């Protein structure tokens, strides 16, 4: 009787897994073998390996890499300094708060800031550089993406820094290591899990930011996500869209295994 | 020491300024009578009036809230069941497999979820609109509830359940009188996370929303694509205030739970 009751919990949950996790992935895979007329074919995959799509995939990865790298560069010192402040919890809350505001509203704010007469150009004017076209460039796309992802990079790094035993740092310093050596040999390796989690939380979504490429980059940047959206909702070529989605899923799996915990390997 | 601003502080201050500039920029220009997001001409509440007179927009706000509350409620129930299911599974491999499946939707990019759900709903013959949006919001909120509830379950000492059963409690009593009270903080956290996931989502909704139905983020997207209109600013100010209220509410709920459940809260 006991096991019967226990299995009851599993029924709705397993149903959810089958309907919304397993079935969608299979449907994506299934659709990737059909062309726009509904014929079973491998043409979509052939099309993906033409220079047009390969270039798009490459540039998509390049942008995602840039966004992740810049987020990490800004987030690590921020997280490190946050652990040293007095009212940690309050500062952390202030870091989290912007993530509660809809991504689109933040993107929309940058339409104003980066606009021809916006804040950014006003600052450039006063410094003496003169106004520039900022909106609808690669720079604005990367900047806004980094802006949006920074909190997601700070949080895991902050958590891993908090878990770091401070006596290890003291020991390193006592044994004569310089501040830089201590950081490089002790602090950074021990917080690597946080860095990995942060990179994972930034890189994968950065591959698929179609709304930012539309709003901020003015279609100058085409990511894999933009292409999926384009094929599904504009040209209605679901087969090709599904094929690109299959490659996105593969990329995701690769990144997950790269940034996953490899404790056994050390 | 207090008089001098040291460079680490300066760095943090700059990061915070950059984080908050766009938000306050939006709020500030929602009061601009000039109608643009530059050159502040004069103070006006015109744009707020416009928001409150726009019945279509108000209906969309209502839709968004209904979807968020319903999906958070249903996904919390499903998620708690999921966490209990994972908790009760004894075989390690099954447990790990379930957890892996659970995390798929959390790490998947939104476009993949959106596109695959679009195919799913089309094949299942579900009309795109309220139902499809609600179903997809429930679907992507379930795993986060599981992740919030499961640690609480694992924190709970199994002897509690054994003691309750020894004292003659039925399965149902054990669930409602022992397990659920213990994991309440996790359930609340999961509910709030599901709520924010739903309110925040754009990409998945954009795929499955169809023509007649719209949520707030989809509406903001289509308005922002047409350029700047300060009623969006006014709207975002209102959303910002609402968000802060939610954060404060969440803070107090979690505080109270910690106090009531002394053994539950770790901090």
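A few comments on the model shown:
- Taking the criterion of being surrounded by 14 or more Cβ atoms within 10 Å (Cβ to Cβ) and either within 13 Å of chain B (Cβ to nearest Cβ) or over 22 Å from the mean Cα position of the chain (by Cα) (or both), the residues of segment A:64-74 that qualify are A:64, A:70, A:71, A:74.
- Qualifying positions in segment A:28-51 - away from every other protein chain (no Cβ under 14 Å) and assigned to a loop (DSSP other than H, G, I, E, B): A:35, A:36, A:37, A:39, A:41, A:42, A:49, A:50
- Filter result for residue A:61 (closer than 25 Å to residue A:205 by Cβ, at pLDDT 90 or above, surrounded by fewer than 18 Cβ atoms within 10 Å (Cβ to Cβ) and within 14 Å of another protein chain (Cβ to nearest Cβ)): yes
- Of the residues examined, residue B:232 is not one that is modelled with pLDDT of 90 or more and part of a helix (DSSP H, G or I).
- Any hit, segment B:128-140, residues being closer than 20 Å to residue A:8 by Cα and surrounded by fewer than 22 Cβ atoms within 10 Å (Cβ to Cβ): no
- Between A:205, A:156, the distinction of being within 30 Å of residue B:111 (Cβ to Cβ), within 12 Å of chain B (Cβ to nearest Cβ) and in contact (Cβ under 8 Å) with a residue 24 or more places away in the chain belongs to A:205 only.
- Failed condition for residue B:257, given (1) part of a loop (DSSP other than H, G, I, E, B); (2) touching a helix residue (DSSP H, G or I) at 6+ places or on another chain (Cβ under 6 Å); (3) at pLDDT below 85: (1)
- Test set (1) without any contact (Cβ under 8 Å) to a residue 40 or more places away in the chain; (2) within 11 Å of another protein chain (Cβ to nearest Cβ) - residue B:178 fails condition number: (2)
- Within segment B:121-130, the only residue that satisfies the criterion of being part of a helix (DSSP H, G or I) and under 16 Å from residue B:216 (Cα atoms) is B:130.
- Every test in (1) more than 16 Å from residue A:20 (Cα to Cα); (2) buried (at least 21 other Cβ atoms within 10 Å of the Cβ); (3) within 8 Å of chain A (Cβ to nearest Cβ) is passed by residue B:200 save one, and that test is (2).
- Criterion (out of contact with any strand residue (DSSP E or B) (no Cβ under 7 Å at 6 or more places or on another chain), at the interface with another protein chain (Cβ under 9 Å from one of its Cβ atoms) and more than 23 Å from residue B:103 (Cα to Cα)) met by exactly one of A:215, A:168, A:175: A:215
- Sole exception among (1) in a loop (DSSP other than H, G, I, E, B); (2) touching a helix residue (DSSP H, G or I) at 6+ places or on another chain (Cβ under 7 Å) for residue A:173, by number: (1)
- Boolean, residue A:19 is under 30 Å from residue B:94 (Cβ atoms), within 11 Å of another protein chain (Cβ to nearest Cβ) and part of a helix (DSSP H, G or I): yes
- Of the criteria (1) within 10 Å of another protein chain (Cβ to nearest Cβ); (2) more than 19 Å from residue A:22 (Cα to Cα); (3) surrounded by fewer than 19 Cβ atoms within 10 Å (Cβ to Cβ), which one residue B:103 fails: (2)
- Wholly within segment A:82-166, helices (runs of 4 or more DSSP H) carrying at least 3 residues that are surrounded by fewer than 18 Cβ atoms within 10 Å (Cβ to Cβ): A:88-96, A:119-127, A:138-163
- Residue selected from segment B:8-17 under the condition at the interface with chain A (Cβ under 7 Å from one of its Cβ atoms) and surrounded by fewer than 16 Cβ atoms within 10 Å (Cβ to Cβ), by the criterion nearest to residue A:73 (Cα to Cα): B:11
The values are calculated or read from the model by the stated rules, or taken from the named source; none is laboratory data. These figures come from a predicted structure and were not determined experimentally. Glycine gets a Cβ as well: all are built from the backbone with ideal geometry, and neighbour counts include every protein chain shown.
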